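What follows is calculated from the coordinates using simple rules that are stated; it is not laboratory data. Remember, it's a predicted structure, so these values are computed and weren't measured experimentally. Neighbour counts run over all protein chains shown; Cβ positions are idealised from the backbone, glycine included.
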Amino acid sequence: EEGIKYQVNIRMRTKNHGYKWFDASGLASRDENGHPVQMAGSIIDIHDTILYKKQIETSNQAKDKIFAILSHDLRAPLIGIKGLLDLQTEGEISEQNFKEYVHLMHDGISNALKTLDNVLLWSSTQMHTAKVEASSFRMKNIFNDVEQFHRYFSKQKEIQISYQTDDTLYGYGDPNHIFIITRNLVSNAIKFTRKGGLVKVNALMKEDCIEVSVEDNGVGMDTIVIEKLLSKSNYDSTHGTEREKGTGLGIRLVLDLLELNHGKLRIVSTLGKGSSFTYSIPLAESKP
């Protein structure tokens, strides 16, 4: 009607039953009376270009997130620790008062190291350089390491954590990845459980896999929040029950590492009553 060229990106099914992106454009030819008689145009495969643009957008989002974490979440606790050490070195704070702040420095360093571990590993998953060193491992050993890591934080918040698993239960995957997955889920449970609450960590053998659940009686969440958590484009972070801050990478990293280790994550939650995060990983065919 307007005598102008049309151009649109479309997604079409191909002969091999897959889908690809194409750029479709055309212009109507008209007769001497101005009536359109035929359409001439082209359809160009732009699938790789579209995917590349999406990869660039994802990469830019990841870079922005990493810079934000480095400039705030890692820098802030280190500045605080340096300030206390400066006061002690200059004699501006007594030995007794300095000792009272030692546990705060311990907390800050532990959180900074955990954040750094998450950032480095998540960055490698985004750049597709993360290596999976799969082997058979005992689930009890993973639980022991996670318990040791969270002992101070759970005590500080007066949260009771129980770990239950069979001593003979062996999984298959990268044990370091499984440790970080479990550690992050327990950290999440502690963060969103009120002081004096309860967290249960259990591992059970199913027909062809191991199911590990981290269940708390914390604040819970609605279906909208769950959908955001399971979305790989989500970077939102929410304060915990004691105003604990996060980076927004915890669940993202869990999802990425589970994908690398052929696992899945399931979330069940009721607002105001608590949440249950359950992941599955392959069973070990043989014990080491």
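Counting only helical runs of four or more DSSP H residues, what would the 222 nm mean residue ellipticity of the chain come to if each run contributes -39,500 (n - 2.57) and the total is spread over all its residues? Show your work: numbers first, answer last.
Working: 7 runs with 123 residues, N = 288.
Computed mean residue ellipticity for the chain: -14500 deg cm²/dmol.
Tally Lys and Arg at +1 and Asp and Glu at -1 over the other residues with C-beta under 12 Å from the C-beta of Ile10: what net charge comes out? Don't skip to the end; give the middle numbers.
On the way: positive: Arg11, Arg13, Lys20; negative: Asp23, Asp45.
Net of charged neighbours comes to +1.
What does the net charge come to around Asn176 if you take all other residues with beta carbon closer than 11 Å to its beta carbon, with K and R at +1 and D and E at -1? Walk me through the intermediate numbers first.
Values: positive: Lys131, Arg183; negative: Asp117, Glu133, Asp145, Asp174.
Taking every other residue near Asn176 into account, the sum is -2.
Can you figure out the FRET efficiency of Leu260 with Gln7, using R₀ = 41 Å and their beta-carbon distance, to the nearest 0.05? Walk me through the numbers on the way to the answer.
Values: r = 40 Å, r/R0 = 0.97.
The calculated FRET efficiency here is 0.55.
Could you pull the Cα extents of the chain along its three principal axes, largest to smallest, in whole Å?
Taking the Cα atoms of the chain, the three principal extents are 98, 56, 38 Å.
Using a simple charge model, +1 on the beta-carbon of Lys and Arg, -1 on the beta-carbon of Asp and Glu, nothing else, what dipole does the chain show about its Cα centre, in debye to the nearest 20?
Numbers: 35 positive and 37 negative charges, 61 e Å.
Using Cβ point charges on Lys, Arg, Asp and Glu, the chain gives about 300 debye.
Ranked highest first by the average count of other Cβ atoms within 10 Å around their residues, in what order do 145-152, 6-13 fall? Show your work: numbers first, answer last.
Values: 145-152: 16.0, 6-13: 10.9.
Per-residue mean Cβ counts within 10 Å order the peptides as 145-152, 6-13.
Once you order the gyration tensor axes a ≥ b ≥ c over the Cα atoms, which shape class does segment 1-43 get: rounded for a/c under 1.5, otherwise prolate or oblate by comparing a/b with b/c? Don't skip to the end; give the middle numbers.
Values: a/c = 4.83, a/b = 2.77, b/c = 1.74.
Judged from the Cα gyration tensor, segment 1-43 comes out prolate (a/c at least 1.5, a/b above b/c).
So, by mean Cβ neighbours within 10 angstrom, what's the order for 83-90, 167-174, 182-189 with the highest one leading? Kindly include the intermediate steps, with their values, before the conclusion.
On the way: 83-90: 12.6, 167-174: 18.6, 182-189: 23.9.
Highest mean packing first, the order is 182-189, 167-174, 83-90.
Calculate the FRET efficiency for Tyr152 and Ile79 from the Cβ-Cβ distance with a Förster distance of 30 Å, rounded to the nearest 0.05. Before the final figure, lay out each step's value.
Values: r = 22 Å, r/R0 = 0.72.
Efficiency, from the Cβ-Cβ distance: 0.90.
Show me the ranking of peptides 131-140, 114-123 by mean Cβ neighbours inside 10 Å, starting with the highest.
With the highest mean Cβ count within 10 Å placed first, the list reads 114-123, 131-140.
Compute the separation of the alpha-carbon centres of segment 1-53 and segment 115-175 and state it in Å as a whole number.
51
Along the Cα→Cβ direction, 7 angstrom out, place labels at Ser231 and Ala40. What is the inter-label distance in nm?
Taking the simple label geometry, Ser231 and Ala40 are separated by 4.5 nm.
How much length would be gained if the chain were fully extended between Lys54 and Ile224, taking 0.36 nm per residue of separation minus their Cα-Cα distance, in nm to one decimal?
Values: separation 170, 0.36 × 170 = 61.20 nm, distance 2.43 nm.
58.8 nm is the gain from fully extending Lys54 to Ile224.
Over the chain, what is the mean sequence separation of C-alpha contacts under 8 Å (at least six apart), divided by residue count, expressed as relative contact order in percent?
Working: 430 pairs, mean separation 40.9, N = 288.
The normalised contact order for the chain reaches 14 percent.
To the nearest 0.05, what FRET efficiency results for Ser162 and Glu90 with a Förster distance of 51 Å applied to their C-beta separation? Provide the component values of the computation, followed by the final result.
Details: r = 46 Å, r/R0 = 0.90.
After rounding, the FRET efficiency stands at 0.65.
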